[in-house]
């Protein structure tokens with residue numbers, strides 16, 4: 001597993017672009033399988049509910065989209081990390097459907113950018129203060145692995161139903 005992409009193991013040789021394109025539907029299906037009565041129920045103390053995971057994915061899609069655009073627009077930019085737990089403080093009460101709609105719209109927008117940028121921009125450099133030197137391609141792979149990680153969490157929640 002690459003130290004640059006902590007989610008690489010989730011890809012298991014799958015094409016990142018395919019994962020990215022499939023995630024909105026997979027997310028919708030997972031949330032549906034969990035059911036409306038359990039979407040806001042945390043599976044354990046200190047763990048996010050399915051709705052909060054959907055909110056996290058929407059927030060991350062916004063962040064990843066900015067990072068992708070910054071990588072294309074600047075020479076070797078340094079991206080800003082964020083504290084996901086502090087961001088998550090705002091999630092309670094946000095409906096899963098709203099998070100899904102936000103995520104889906106942002107993902108479609110980001111897929112257009114990725115499709116227009118690869119393979120030409122694959123090696124454009126970007127710096128993450130906590131990880132080090134990355135490329136546009138590694139960012140795309142990280143997003144896809146991140147998707148799969150959280151989809152697996154949601155599928156485990158659905159299976160407990």
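General remarks:
- Set 37, 25, 32: member being farther than 23 Å from residue 141 by Cβ and either touching a helix residue (DSSP H, G or I) at 6+ places or on another chain (Cβ under 8 Å) or not in a loop (DSSP other than H, G, I, E, B) (or both): 32
- Residue within the stretch 69-76 that is in contact with a strand residue (DSSP E or B) (Cβ under 6 Å, 6 or more places away or on another chain) and not in a helix (DSSP H, G or I) present: yes
- Checked against (1) closer than 20 Å to residue 20 by Cβ; (2) in contact with a helix residue (DSSP H, G or I) (Cβ under 7 Å, 6 or more places away or on another chain), residue 63 meets all criteria but (2).
- Residue 122, sole failed condition from (1) loosely packed, with under 12 Cβ neighbours inside 10 Å; (2) part of a loop (DSSP other than H, G, I, E, B); (3) touching a helix residue (DSSP H, G or I) at 6+ places or on another chain (Cβ under 9 Å): (1)
- The residue list 98, 108 contains one member that is over 20 Å from residue 42 (Cβ atoms) and out of contact with any helix residue (DSSP H, G or I) (no Cβ under 7 Å at 6 or more places or on another chain), which is 108.
- Some residue of the stretch 82-99 being assigned to a helix (DSSP H, G or I), free of Cβ contacts under 8 Å to residues at least 40 places away in the same chain, over 13 Å from the mean Cα position of the chain (by Cα) and under 27 Å from residue 14 (Cα atoms): no
- Only listed residue being within 17 Å of residue 35 (Cα to Cα), at pLDDT 95 or above and crowded, with 19+ Cβ neighbours inside 10 Å, chosen from 53, 94: 53
- Residues in the stretch 15-33 that are buried (at least 20 other Cβ atoms within 10 Å of the Cβ) and under 14 Å from residue 150 (Cα atoms): 19, 20, 23, 24, 27, 30, 31.
- Of all the listed residues (42, 26), the sole one being without any contact (Cβ under 8 Å) to a residue 60 or more places away in the chain and within 25 Å of residue 85 (Cα to Cα) is 42.
- Boolean, residue 115 is within 14 Å of residue 68 (Cβ to Cβ), loosely packed, with under 14 Cβ neighbours inside 10 Å and either touching a residue at least 24 places away in the same chain (Cβ under 8 Å) or touching a helix residue (DSSP H, G or I) at 6+ places or on another chain (Cβ under 9 Å) (or both): yes
The values are calculated or read from the model by the stated rules, or taken from the named source; none is laboratory data. Just so you know, these numbers come straight off a predicted model, no measurement behind them. Cβ sites come from the backbone with ideal geometry, for glycine too, and all protein chains shown count toward neighbours.
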